[in-house]
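Only one structure is covered here, and it is reproduced in the block below.
The values are calculated or read from the model by the stated rules, or taken from the named source; none is laboratory data. Note that the coordinates shown come from a computational prediction; the quantities given were computed from them, not determined experimentally. Please note: Cβ atoms are built from the backbone with ideal geometry, for glycine as well, and neighbour counts cover all protein chains shown. All accessible areas refer to the heavy atoms of the entire protein, side chains included, with ligands and DNA or RNA removed. Shrake-Rupley method; radii C 1.70, N 1.55, O 1.52, S 1.80 Å.
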Amino acid sequence: MKNYRFDTKTIHGGITKKNPENALNPPIFQTSTFTFDSIDHVEKVMSFESDDYVYTRGNNPTLRLFENRMAELEHGKGAVAFSSGMAAISSVLFSFLKPGDNVIVHKTLYGSSYSVVTKLLPEYNVEYKIVDLTNTEEFQKAIDENTKLVYFESPSNPDLSIIDIKAIAQIAQNKGLKVVVDNTFASPYFQNPLLLGADVVVHSATKYICGHGDVVGGVAVSKNNDYIQSLKFEYMCEFGGTMSPFDAWLLLRGLKTLGI
């Protein structure tokens, strides 16, 4: 990974080889499936000895470039692209929580995130606690033996609460909790939650990552590559929240002017 400045990363980040036919911009790989050269090739791909492509629901060159670029911008090891911000958020929440657990969330959440936490998760016997996370003492008091995760936005939607990510992460780590931060409103330009101790950062790419109001998309980034592989193949693929190659291409275009 070259030590580019931010604006250069938004244009060149995540690139591992030159574009086909020396194209200035990466092509859109608008295909559902990919072909194999032989049965041996199939076996290598299916056993993960090769990272070649099989089916766009699992991966695609355009999606991979977008994921690699987002991972670089957020200082992560890997990323998973989703068809919407809510597909990313709900998949991440389900990946960390099981029946009997509880999750702590900030008192202000985006409406659909609030509905997932307060209506959908309880149907799977996952409880929630709503806390003012700008108050770290209140957060500490809310943690119990069944708390496994803290999830919040900073700045939050819509009241723009600012939460001390580093302080929350330090408390969470001492208690063995995972920290998930929605970084949609700040964007990677202003804030990198992974550098402040978060385990996963999520975005509604529909907003600043896109920048043009013509894409609905989401992405999750982590420093833990094993977690990224699990999130991709056990949650994104199985829940089916796949981003289209065309949307990934539009997001790559939108990222180029994120600094501006």
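Numerical summary
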read-out	value
Helix 245-255 axis, angle to the chain major axis (alpha carbon atoms, nearest 10°)	70 degrees
Radius of gyration, Dmax [the chain; alpha carbons; angstrom]	18.6, 60
GluC sites (Glu not before Pro) within the range 121-203, DSSP loop, no more than 16 other Cβ atoms inside 10 Å	Glu145
With every protein chain in place, the chain: carbon and sulfur % of accessible area (1.4 Å)	50 percent
For the chain: relative contact order, % (alpha-carbon pairs under 8 angstrom, 6 or more apart)	26 percent
Lysines whose Cα lies under 24 Å from that of Lys148, excluding same-chain neighbours fewer than 8 positions away	Lys77, Lys98, Lys107, Lys119, Lys129, Lys166, Lys175, Lys178, Lys223, Lys232
Global form of the range 167-260, assessed from the alpha-carbon gyration tensor, a/c cut-off 1.5	oblate
Helix axis angle, 61-73 relative to the chain longest principal axis, alpha carbon, degrees	50 degrees
For the range 117-215, diffusion coefficient by Stokes-Einstein and Kirkwood Rh (Cα), 37 °C, 0.692 mPa s, µm²/s	228 µm²/s
